C-alpha cells in the first residue's frame, strides 16, 4: 500500500505491506480521503515529527476488515478521530482531556495519509461514526477539526447572545464563527485580507477589517503576531480570550498587567472529547456549520503540493483524495 511519509524535509510516497488485522480487535479501513490539518503543518515545519512519520488524521474511510463487538460492518463508510481520553485520570476528571496520557498515546496507524489504516476497538467504540448520507466525503472530513472547535466553544462557557469576536478568518475561523452562532453567540469576524472577509460573508458571517466596540469573548484563530494585541484591545473588562492557534514561542509575550488589572480570563483549547466529536457531526449533518467550497482536492501523489500550497496560503484547506 502507498503511504506518505516525512523524509528529508519533504513528504514522499513510499510502498509498504498492506495492513491486516492479524487476529487483533478493531478494523482495517480503506482511506477515502484525509484533510490536511494545521497541526500537520506545524509538525512538518518545526520538525516535531521525525522522518518516517505518516501525518494526517481527518479521515473518511470504508471498513474492509473488522473484528469488533460494535455494530460496524464491512462496507460501512465512517469518520473517526485519532485520540481517545481515558476518562479517569486527573486531567480527564477536570475536563482537560487533551492532557490525558492515554489520549496522547492513542492514534490511528500508520496515519491518515495512507491507503489503509488500522483502527483499534477503542477507536470504534468511542470516536468512530457512520458518515451521514447527506454529507460528501470532503464535508465529513471536517468532523474532527470541527470537534476541536466545539470543545473550545463549550470551554468558553458563554451566555446566549454574548458578543464574540473571531480574530482570523482562515478555515478554522470560518468554522469557529459558524459554531459560535449555532451555540447562540452574536459573532463578528475580522481579518486583514479582503478575500477572506468576502468568503466569510458567503457562510453567513459578519466580518470586517476595522473593528468597533468591545466583546465578551475573543477567539484567537490566527497565529499572527498581532492577534493577541487585537484580542486585548477589544475584549471587555472581565471578558475571555480563547486561544485556538499556535504562535512562535519567542514572539508573543502575554501582557500580565492587562490580565491582572482587568480580570481577564485567558484559556487555551486544543483537542476534543468524544462527546464534542458527536456534537460536531450533528452540526455538520444538520447544516448548522457549512463547509462546502472550503477545500481544494489533491491526489495522494500530489501531497507535497498540498503542503506547499497550504504553507504559502494559496488555498484555504487541502483535502487529499486517497481511495475514492
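Taken as a whole, segment 232-243 holds at least one residue that is on the phi > 0 side of the Ramachandran plot and outside the structural domain of residue 92 (by TED's automatic domain parsing). Of all residues in segment 102-148, those that are in contact with a helix residue (DSSP H, G or I) (Cβ under 6 Å, 6 or more places away or on another chain) and in a strand (DSSP E or B) total 1. Looking only at segment 1-15, residues that are free of Cβ contacts under 8 Å to residues at least 40 places away in the same chain and not in a strand (DSSP E or B) come to 1 in all.
Residues that are surrounded by fewer than 16 Cβ atoms within 10 Å (Cβ to Cβ) and either assigned to a helix (DSSP H, G or I) or at pLDDT below 95 (or both) within segment 75-93 comprise 90, 93, listed in sequence order.
Listed here are the residues, each with its yes/no results for (1) without any contact (Cβ under 8 Å) to a residue 60 or more places away in the chain; (2) more than 19 Å from residue 175 (Cα to Cα).
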| site | (1), (2) |
| --- | --- |
| 232 | yes, yes |
| 237 | yes, yes |
| 256 | yes, yes |
| 264 | yes, yes |
| 268 | yes, no |
| 296 | yes, no |
| 303 | no, yes |
| 319 | no, no |
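Taking the stated definitions as given, is residue 206 under 19 Å from residue 294 (Cα atoms), surrounded by 20 or more Cβ atoms within 10 Å (Cβ to Cβ) and out of contact with any helix residue (DSSP H, G or I) (no Cβ under 6 Å at 6 or more places or on another chain)? When the stated conditions are applied, residue 206 does not pass them. Selection over segment 149-168 of residues that are more than 20 Å from residue 270 (Cβ to Cβ) and either assigned to a helix (DSSP H, G or I) or in contact (Cβ under 8 Å) with a residue 40 or more places away in the chain (or both) gives a count of 4.
The values are calculated or read from the model by the stated rules, or taken from the named source; none is laboratory data. Everything numeric here is computed off the predicted structure, so don't read it as measured data. All Cβ positions, even for glycine, are placed from backbone atoms using ideal geometry, and neighbour counts span all protein chains on display.
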